[in-house]
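Below is one structure, written out as structure tokens, with a few remarks after it.
The values are calculated or read from the model by the stated rules, or taken from the named source; none is laboratory data. Just so we're clear, the structure is a prediction, and the values are computed from it rather than from any experiment. Please note: Cβ atoms are built from the backbone with ideal geometry, for glycine as well, and neighbour counts cover all protein chains shown. Heavy atoms of the whole protein, side chains included, go into the accessibility calculation; ligands, DNA and RNA do not. Shrake-Rupley method; radii C 1.70, N 1.55, O 1.52, S 1.80 Å.
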Amino acid sequence: MQALIEEYSRGYKMLREAVEGLTDKEFRFKPALDKWSIHQILIHIADSELVATQHL
């Protein structure tokens, strides 16, 4: 169980590192009208995390 908790806790750092250095244009770029930008994906992840922690 402790290994799962540690893996989960690394998620924030991994996301930060993944987007580090992106320009605002890259961050908000949508590859198509029906696709999400990196910014939108991160907002969705944050919202999902809030819901998930309530369930835990």
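Side notes on the structure shown:
- Contact annotation: residue pairs with Cβ atoms under 6 Å, 6 or more positions apart or on different chains, pairing a residue in segment 31-42 that is within 19 Å of L15 (Cβ to Cβ) with a partner that is part of a loop (DSSP other than H, G, I, E, B) and open to solvent by 100 Å² or more (accessible area, probe 1.4 Å), are S37/F29.
- Scoring E6 on the criteria (1) modelled with pLDDT of 95 or more; (2) loosely packed, with under 10 Cβ neighbours inside 10 Å leaves a single failure, condition (1).
- Picking from residues in segment 25-56 that are touching a helix residue (DSSP H, G or I) at 6+ places or on another chain (Cβ under 9 Å) and among the charged types (D, E, K, R), the one that is most open to solvent (accessible area, probe 1.4 Å) is R28.
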